[in-house]
Amino acid sequence: MSSSQVLDKRRILLGITGGIALYKCCDLIRSLRKAGAELRIILSTGAEKFVSPLLFSSLSGSQVFTNADFFSPDDSIIHIELGSWAEVNVIAPATASFISKLRCGQASELLLATLLASKAPTYIFPSMNTTMLEHPAVKENLSTLRNYGYLIYEPKEGELACGVSGKGRLPEPEEIYELLIAHFKPKTLLGKRVLITGGATREYLDDVRFLTNASSGKTAYYLLREAYYRGAEVHLLWGLETFPYVLPRLDYVSSVPYPSIYTTLTTEEMFNKALELFPKVDLAIFASAPCDFTPVEKIPGKIKKKDSLSLSLRLTPDIAKTLGHIKGPKQVTVGFALEEPENLYHYAVQKRQEKNFDLIVANPLGTAGRERSSYFLIGRDSALKFENLSKQELAEMLFEMIELPA
Ligand SMILES: Cc1cc2nc3c(=O)[nH]c(=O)nc-3n(C[C@H](O)[C@H](O)[C@H](O)COP(=O)(O)O)c2cc1C
């Protein structure tokens, strides 16, 4: 199921308590609504002191509950109804006070009673001043809640609303949103190890100049995201200087390790690291665009300006081909081919055989850099064509198709 659909019609209960970071819920609610999630929002007594329910009901397009609804003379028992309605509960931000009350099993207000009446997984995002967070009582409360099965998401470090810097920040809305996407992804890769290469590499002429290409690494990011959200231990070899994407910390709330991201700027560095990691992985996907050539000689310092300059280049190691030929019987390799549209299919079939890939993804040269493209997915005895796929959809499709030996 694609990420754009994974939250569609999912029943998410958002509990908002009286921490200053509750303003971040506005963006979270907007994203969840856009993704088609069904939302119910409950404000704690503290949260009601900061905002009116109108803010969140306008943003979410759904009813926002407060303690006034707890004892309303209605046919239904609201905390039981809400507690059994939700597929997942998210408490963000969670105040020290709320954490303490939940730990004691208090049911004195609607949000607390709803959580006691719920069997759904519950993510708790503590958010407070660092000294409060480090108080032994708060630490003990969190530890007990963890033992009860609540999924406690470690607060972030950084500047806090009270003006000091330290641990206690609520994660950005995007991180909470991504965590929810990961929550609903099928965990088909639990216990599997996946190696992904991504981005362009660079080959230095001197200390400041290099040859490279336009690969953005976006496809590799979506592959990493999909493999990680499906539960794999992911190792990314990244040919770019920065990794600008937000990933939630699944290791805080599950046994899925946070991906290892290695910056390997030259093809040789990427090759050496790939050789080291490859024996331990079940699946390798070669989505980087390593430079095929490197200068025979690298000049120390900076080459001085002159009328002309001739470069002598030699081939770099072929990462995908080398690993494709040393793979074990239970290892799967997937490669990419970017070629002229006329010969795309035939070239990709040939390349799959030459590099011993189990699967090759081929897309036409003219679409490089665009968000959407057409793709061939060619296996040992199958070939499929997809039109107008985004990079995210491609990554999701690939993991639907890849079958790993038990
Ligand atoms: C301006 C202001 C900001 C606050 N920010 C936080 C906070 O970030 N985290 C926290 O645990 N408590 C914070 N508090 C304290 C809580 O609002 C207070 O403990 C309240 O009783 C919590 O109620 P609740 O648990 O019903 O939401 C803040 C209080 C004020 C006045």
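The values are calculated or read from the model by the stated rules, or taken from the named source; none is laboratory data. Since the model is a prediction, treat every value here as computed from it, not as a measurement. Positions of Cβ are generated from backbone atoms using ideal geometry, with glycine treated the same way; all protein chains shown enter the neighbour counts.
Would you check if there is a residue in segment 6-19 being in a helix (DSSP H, G or I), touching a residue at least 12 places away in the same chain (Cβ under 8 Å) and within 16 Å of the ligand (Cβ to nearest atom)?
Filtering segment 6-19 down to residues in a helix (DSSP H, G or I) leaves 6.
Filter once more, keeping what is touching a residue at least 12 places away in the same chain (Cβ under 8 Å): 6.
Still in the running and within 16 Å of the ligand (Cβ to nearest atom): none.
No - not one qualifying residue is present in segment 6-19.
Out of the strands (runs of 3 or more DSSP E) lying entirely within segment 245-346, which hold 3 or more residues that are at pLDDT 95 or above and of a type outside the set (A, V, I, L, M, F, W, C)?
Numbers: elements: 260-263, 283-289, 293-295, 313-315, 332-339.
In segment 245-346, the matching strands (runs of 3 or more DSSP E) lie at 260-263.
So that you can scan it fast, the table gives a plain yes or no per residue for (1) under 30 Å from LEU247 (Cβ atoms); (2) without any contact (Cβ under 8 Å) to a residue 24 or more places away in the chain; (3) within 14 Å of the ligand (Cβ to nearest atom):
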position: SER58; (1), (2), (3): no, yes, no
position: GLN63; (1), (2), (3): no, yes, no
position: SER84; (1), (2), (3): no, no, no
position: ILE124; (1), (2), (3): yes, no, yes
position: GLU154; (1), (2), (3): yes, no, no
Scan (1) outside any helix (DSSP H, G or I); (2) under 18 Å from LEU39 (Cα atoms); (3) among the aliphatic types (A, V, I, L, M); (4) within 14 Å of the ligand (Cβ to nearest atom) for the single condition LEU111 breaks and write down its number.
-> (1)
From GLY168, GLY163, GLY158, GLY149, grab the single residue that is surrounded by 19 or more Cβ atoms within 10 Å (Cβ to Cβ) and either closer than 22 Å to PRO248 by Cβ or within 12 Å of the ligand (Cβ to nearest atom) (or both).
-> GLY168
Under 6 Å between Cβ atoms, at least 6 apart or on separate chains: pull out the pairs that start in segment 163-175 with a residue that is under 13 Å from SER31 (Cβ atoms) and not assigned by TED's automatic domain parsing to the domain that holds LEU247 and end on any residue that is aliphatic (A, V, I, L, M) and away from the ligand (no atom under 12 Å from the Cβ).
-> PRO173/LEU28; GLU174/VAL246; GLU175/VAL246
Does LYS185 fit the bill of being within 16 Å of the ligand (Cβ to nearest atom) and of a type in the set (D, E, K, R)?
-> no
Apart from one, (1) in the same structural domain as SER215 (by TED's automatic domain parsing); (2) over 23 Å from TYR221 (Cβ atoms); (3) at pLDDT below 90 all hold for ARG352; the odd one out is (3)
From the set of residues in segment 88-108 that are away from the ligand (no atom under 11 Å from the Cβ) and of a type in the set (A, V, I, L, M), which is farthest from LEU13 (Cα to Cα)?
-> ALA107
Among the candidates THR131, THR144, single out the residue that is within 12 Å of the ligand (Cβ to nearest atom) and surrounded by fewer than 20 Cβ atoms within 10 Å (Cβ to Cβ).
-> THR131
